[in-house]
Structure formats: structure tokens, C-alpha cells
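Enquirer: Sharing a structure here in C-alpha cells format.
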Amino acid sequence: MTPRPRIRATPEDFVVDEIPLYAPCGEGEHTYLRVEKRLRTTEEVARELAKKAGVPARDVGYAGRKDRVAVARQWLSVRGLPLDAARGLELRGARVLEVARHRNKLRTGHLRGNRFAIVVRDLAPGALERAREALAVVERHGMSNRFGGQRFGADGENARRALAWLRGERAPGGGDRREQRFLVSALQAAVFNDFLAERTARGVGPGELEAGDVAVLHASGGMFEVVDVEREAPRAASFEISATGPIFGTRMMPAAGAVREHELALLERWGIPAGDALVPPRGVRLRGTRRPLRARLESPVLEAVEDGAARLEVTLPPGCYATVLVEELFGTFCEGEAMGVS
């Protein structure tokens, strides 16, 4: 039997560099630390930072969670931490690369994107050539913007736990608000993935539009209802705009027509109230938004590095999953973490 491609054979096979939205200005009460971590989650590093700085966990911020089985470089912020103390911090499985001052705390989404360098191993003969052909298609039309499996937890239960909470069961996360918000976001991600899968099953590609879609302008983030598909199609073809899917919440812009009916039916199957009937759990804002159904690749490079292995380098927008792109190019794959990397 032909072996499946494999990623994360070692953490060094999966390198992530966060691209910040802005540079620290050099003054302010928040200390920004650029950290390189290995075999640790962003949340684990943030908790250790809070403990060593002697501040509450809420005073530590970061723009996004990075993979555990990886070498990941990202910025975190700590309120009130002296620069000299920040430079001298010793962290388990992580090290401080640089520090600077800034006026505000880092918050989720404060990044321009991520640059990935991923080694894919155990490639069958011809796999690299097929991946290059697939990459050319993805460059033209965009990659599926579905959420990767790591969003849903090692046991895949994050969405189920959040759904139980919305239905009135005991709050998950042991009272940790940040963890509870993450679990709710996993439920939103699961619903989005289902919407995208159903749309694909109907034969509508992620780069195509339907009447009633809510489209996003990639340059500005503005959204509008697609009324005339024929008129808007050239803008979608040039990647000026893309259709979006639901990240459900109280302020999510609704779609129209048949697209709206698909979304409402999906929420009903999940048992999630729509519109004003959706009441967020106490302490959790559930405003919702819309997510593009596709993402554009920036500066992709795919090259052989040794027999049966290739390196993929690419910059992706915030919130996009490189593992989804690997699957689009190489098919299903094995994770090194599941094979005993620790």
C-alpha cells in the first residue's frame, strides 16, 4: 500500500513566522516579546509569561494561536513588564528573540498573516508533480478557507462542548473565559465548515458567487449582498471579491434568498437559534461575522528537498490553515504528532 504523505516528522518540518499588523512604537505600558516556541501551545507560553511577570493572565495578549508541533515565532504582549526582565526571561520550550514597548495590548487578529515553511515527507513517485499542478490551480482560484482539524481539539470535542454550553449545560473550561471563547469559536468553525462542504457538494466552487451571497471586498473588508451574479463575477475572477460563509452570532450580516435559507437550515440542524433568539452565555460576546470561502496564496514556493520530500513555503492570511493547503496539494496526510513526536 502506498504510504500517505507525512508532515511534522519533527517540529522543524513545520515552521511558522507571524507577520505583525504593525510594529511596536517604542513607548507605552505594554511590553511586546517576539518569542520562538517549540512543542508548546501559544496558550501555555502565555500562561508562563503571566506567572513569571506576576500579572493576571488577562494582561498577556497575542494575535493568534500557533501550532504546538512546530517551530513558531510570534509576538506576545505583557502589561507592565520591564524590558530588561523581558529580555532575561527563561521559558520552557521557548526563547525571547526581541522586546519592545507599545501602547496597547496585542489582541486576536492583530496580524497581517503567517509565513509557513513545511516539509512534506514520504511522497510517492509523481506526487510532487501533481502537487505543482494543483498549486497552479489554487493560485488562480484560491484555497478552501475551511478550518483545520486542530481547531476542534485532539478529540474533536471542542464544538460539542460549546454546543452543550449554549443549550444550558455546565460551562466548559473551568471558568477560564479565554478558553471558553476559544471553544465557542470552535463551534462557529464547525458550522462554517459544514456550510462550505454543503456548498461544494452542490457544485458551487469557493471562487463562485450565488445570488444572495454576502461578498467581501478583500482590499477593505467591506461586505455587500450579491444581487447580480453576472455583474459581480468578473470581480470574483480577479480575486477582488469573494463569497463568505456564516460565523454565527448576534451581529452577523445575513445572506439573502436561497443562500440565507441554506444558512438557516444549517443552524437548525445544529440546534443553534438564529437572530434575536440567540442569547450568548454570560461573559461571552457572540457577535459573529462572515468568513471568506477562499483565501489567496502569497509568494508560494514548492520544491524538492530530498528524495521523497518537498518543502512548501507560503504566506497565508490570518486565520487560514496551512494544513488545509497541504491536503489540497498532496491529499490526506499523516501528522507527526500522532506518530509519537513529543
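Enquirer: Check whether at least one residue in segment 30-38 is of a type outside the set (A, V, I, L, M, F, W, C) and assigned to a loop (DSSP other than H, G, I, E, B), and report yes or no.
Expert: Among the residues of segment 30-38, not one is of a type outside the set (A, V, I, L, M, F, W, C) and assigned to a loop (DSSP other than H, G, I, E, B), which makes the answer no.
Enquirer: Tell me, please, whether a residue that is under 20 Å from Val138 (Cα atoms) and among the aliphatic types (A, V, I, L, M) can be found in segment 247-261.
Expert: In the first step, residues of segment 247-261 are kept if they are under 20 Å from Val138 (Cα atoms); the result is none.
Within segment 247-261, none of the residues are under 20 Å from Val138 (Cα atoms) and among the aliphatic types (A, V, I, L, M).
Enquirer: While we're looking at this one, here's another question. From the list Leu267, Leu302, Leu217, exactly one residue is in contact with a strand residue (DSSP E or B) (Cβ under 9 Å, 6 or more places away or on another chain), open to solvent by 30 Å² or more (accessible area, probe 1.4 Å) and among the hydrophobic types (A, V, I, L, M, F, W, C). Which is it?
Expert: When all the criteria are applied, what remains is Leu217.
Enquirer: Another one. Of the conditions (1) open to solvent by less than 40 Å² (accessible area, probe 1.4 Å); (2) in contact (Cβ under 8 Å) with a residue 40 or more places away in the chain, Glu210 clears all except one; give me its number.
Expert: For Glu210, the failing item is (1).
Enquirer: Here's something else I'd like to know. Considering only segment 236-251, state which residues are over 19 Å from His262 (Cβ atoms), in contact (Cβ under 8 Å) with a residue 12 or more places away in the chain and either of a type outside the set (S, T, N, Q) or out of contact with any helix residue (DSSP H, G or I) (no Cβ under 9 Å at 6 or more places or on another chain) (or both).
Expert: Of everything in segment 236-251, those that are over 19 Å from His262 (Cβ atoms), in contact (Cβ under 8 Å) with a residue 12 or more places away in the chain and either of a type outside the set (S, T, N, Q) or out of contact with any helix residue (DSSP H, G or I) (no Cβ under 9 Å at 6 or more places or on another chain) (or both) turn out to be Ala237, Phe239, Glu240, Ile241, Arg251.
Enquirer: Something else about it: Out of everything in segment 67-92 that is among the charged types (D, E, K, R) and in contact with an Asp or Glu (Cβ under 7 Å, 6 or more places away or on another chain), what residue ends up being most open to solvent (accessible area, probe 1.4 Å)? Outline the logic, then answer.
Expert: Looking only at segment 67-92, we keep the residues that are among the charged types (D, E, K, R), and these are 67-68, 73, 79, 84, 87, 90, 92.
Checking the rest, the ones that are also in contact with an Asp or Glu (Cβ under 7 Å, 6 or more places away or on another chain) come to 73, 79, 92.
On the way: Arg73: 52, Arg79: 106, Arg92: 156 Å².
Of everything passing the filter in segment 67-92, Arg92 is most open to solvent (accessible area, probe 1.4 Å).
Enquirer: Can you tell me how many residues within segment 113-141 are of a type outside the set (A, V, I, L, M, F, W, C), within 22 Å of Pro5 (Cα to Cα) and either out of contact with any strand residue (DSSP E or B) (no Cβ under 7 Å at 6 or more places or on another chain) or not in a helix (DSSP H, G or I) (or both)?
Expert: Summing the residues that are of a type outside the set (A, V, I, L, M, F, W, C), within 22 Å of Pro5 (Cα to Cα) and either out of contact with any strand residue (DSSP E or B) (no Cβ under 7 Å at 6 or more places or on another chain) or not in a helix (DSSP H, G or I) (or both) in segment 113-141 gives 8.
Enquirer: Which one is most open to solvent (accessible area, probe 1.4 Å), of the residues in segment 220-235 that are among the hydrophobic types (A, V, I, L, M, F, W, C) and within 17 Å of Gly257 (Cα to Cα)?
Expert: This residue is Val227.
Enquirer: Could you tell me how many of the residues in segment 303-323 are assigned to a strand (DSSP E or B), under 12 Å from Phe116 (Cβ atoms) and out of contact with any Phe, Trp or Tyr (no Cβ under 6 Å at 6 or more places or on another chain)?
Expert: Residues in segment 303-323 being assigned to a strand (DSSP E or B), under 12 Å from Phe116 (Cβ atoms) and out of contact with any Phe, Trp or Tyr (no Cβ under 6 Å at 6 or more places or on another chain): 5 in total.
Enquirer: Under 8 Å by Cβ, and 6 or more places apart or on different chains, what pairs join a residue from segment 119-143 that is closer than 18 Å to Gly336 by Cβ with one that is crowded, with 19+ Cβ neighbours inside 10 Å and among the charged types (D, E, K, R)?
Expert: Final answer for the pair search is Val119/Asp13; Val120/Arg6; Arg121/Arg6; Arg121/Asp13; Asp122/Arg6.
Enquirer: Let me ask something additional. What strands (runs of 3 or more DSSP E) completely inside segment 204-247 contain at least 2 residues that are small (Gly, Ala, Ser)?
Expert: Working: elements: 214-217, 223-225, 241-247.
Counting at least 2 such residues, we get 241-247.
Enquirer: Here is a follow-up. Please go through segment 207-231 and pick out each residue that is at pLDDT 95 or above and in contact with a Phe, Trp or Tyr (Cβ under 9 Å, 6 or more places away or on another chain).
Expert: Selection gives Val214, Ala215, Val216, Leu217, His218.
Enquirer: Mind checking whether some residue in segment 137-155 is of a type in the set (Val, Ile, Thr) and closer than 30 Å to Leu209 by Cβ?
Expert: Yes: one or more hits.
Enquirer: Can I ask one more? When Ala162 is evaluated against the numbered criteria (1) surrounded by 19 or more Cβ atoms within 10 Å (Cβ to Cβ); (2) under 16 Å from the mean Cα position of the chain (by Cα); (3) in a helix (DSSP H, G or I), which criterion, by number, is the only one it fails?
Expert: Unmet for Ala162, out of (1) surrounded by 19 or more Cβ atoms within 10 Å (Cβ to Cβ); (2) under 16 Å from the mean Cα position of the chain (by Cα); (3) in a helix (DSSP H, G or I): (2).
The values are calculated or read from the model by the stated rules, or taken from the named source; none is laboratory data. None of the values given here were measured: they were computed from a predicted structure. Every residue, glycine among them, receives a Cβ derived from its backbone with ideal geometry; neighbour counts consider all protein chains shown. Accessible surface areas use protein heavy atoms only, side chains included; no ligands, DNA or RNA. Shrake-Rupley method; radii C 1.70, N 1.55, O 1.52, S 1.80 Å.
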